[in-house]
Amino acid sequence: MVDTYQVVLGAIAVAIMVLIPIGGVLFYDLLAGRWDDSLRSARERRSEAAEHRRAVKMLRRQRGLPLERLVADLRRLRTAVGADANRSAAHQLGNRMAYDQLLMQTCAMLEIEHELSEESSGLDRDIERMRVEAELERVGVAVTDRRYGQAA
């Protein structure tokens, strides 16, 4: 028959002889900074995973038109605005206003600052359109036609 007192004493002896030295080495390694890179990368992975979860939740609760449809409409209207030279002034103005509205919606969806909602016209408005288009291109939204102006 096994004496429970001796089993408990044996477990305590194993803890003292094995687990405490291992714990001491682990504690020393933590204090010495040997795990800094591992802990930092684990924190970064955890924060990236949390950001990904937030992005997925935002996509599920998306309101309005999908971004792909807005971008397709932007491309279509951009070509229409570019080919408006022989149209009436009202038609040209309508296309530009619709294009500006789509730019503002896309900027709102992607949280890009713009000044298209302000009352401006002429060259200032065209410069702001170009700046917003460049900003959209910078974040990955291809507004311009890739066939023109691109190296082979």
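The values are calculated or read from the model by the stated rules, or taken from the named source; none is laboratory data. Given the structure is predicted, the values throughout are model-derived calculations rather than measurements. Note that each Cβ is placed from the backbone with ideal geometry, even for glycine, and that neighbours are counted across all protein chains shown.
Tell me which of these residue 109 doesn't satisfy, since it passes every other one: (1) surrounded by fewer than 15 Cβ atoms within 10 Å (Cβ to Cβ); (2) in contact with a Leu (Cβ under 7 Å, 6 or more places away or on another chain); (3) of a type in the set (A, V, I, L, M).
Condition not satisfied by residue 109: (1).
Which one of these is assigned by TED's automatic domain parsing to the domain that holds residue 94 and small (Gly, Ala, Ser): 82, 24?
Values: 24 fails: assigned by TED's automatic domain parsing to the domain that holds residue 94.
Going through 82, 24 in turn, just one is assigned by TED's automatic domain parsing to the domain that holds residue 94 and small (Gly, Ala, Ser): 82.
List, please: which pairs have Cβ atoms under 9 Å, are six or more places apart or on different chains, and start with a residue in segment 119-137 that is in contact (Cβ under 8 Å) with a residue 24 or more places away in the chain and end with one that is exposed (fewer than 12 other Cβ atoms within 10 Å of the Cβ) and of a type in the set (A, V, I, L, M, F, W, C)?
136/142
Tell me whether segment 41-60 contains one or more residues that are more than 19 Å from the chain's Cα centre (by Cα) and more than 22 Å from residue 112 (Cβ to Cβ).
Yes; the residues of segment 41-60 include at least one that is more than 19 Å from the chain's Cα centre (by Cα) and more than 22 Å from residue 112 (Cβ to Cβ).
What is the number of the single condition among (1) touching a residue at least 12 places away in the same chain (Cβ under 8 Å); (2) in a loop (DSSP other than H, G, I, E, B) that residue 80 does not meet?
Looking at each condition in turn, residue 80 falls short on (2).
If I filter segment 88-111 for residues that are at positive phi, within 18 Å of the chain's Cα centre (by Cα) and not assigned by TED's automatic domain parsing to the domain that holds residue 25, do I get at least one hit?
Within segment 88-111, the subset at positive phi is 111.
Of the ones still in play, those that are also within 18 Å of the chain's Cα centre (by Cα) are 111.
Subset that is not assigned by TED's automatic domain parsing to the domain that holds residue 25: 111.
Within segment 88-111 (the criterion being at positive phi, within 18 Å of the chain's Cα centre (by Cα) and not assigned by TED's automatic domain parsing to the domain that holds residue 25), the answer is yes, since at least one residue qualifies.
If I go through segment 61-77 residue by residue, how many of them are within 18 Å of the chain's Cα centre (by Cα) and outside any helix (DSSP H, G or I)?
Matching residues across segment 61-77 total 4.
Residue by residue, here is whether (1) part of a loop (DSSP other than H, G, I, E, B); (2) within 28 Å of residue 132 (Cβ to Cβ) holds:
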| position | (1), (2) |
| --- | --- |
| 42 | no, no |
| 87 | yes, yes |
| 90 | no, yes |
| 105 | no, yes |
| 119 | yes, yes |
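Any idea which of (1) in contact with a helix residue (DSSP H, G or I) (Cβ under 7 Å, 6 or more places away or on another chain); (2) of a type in the set (Val, Ile, Thr); (3) surrounded by fewer than 12 Cβ atoms within 10 Å (Cβ to Cβ) is the one residue 81 doesn't satisfy?
Only one criterion in (1) in contact with a helix residue (DSSP H, G or I) (Cβ under 7 Å, 6 or more places away or on another chain); (2) of a type in the set (Val, Ile, Thr); (3) surrounded by fewer than 12 Cβ atoms within 10 Å (Cβ to Cβ) is unmet by residue 81, namely (3).
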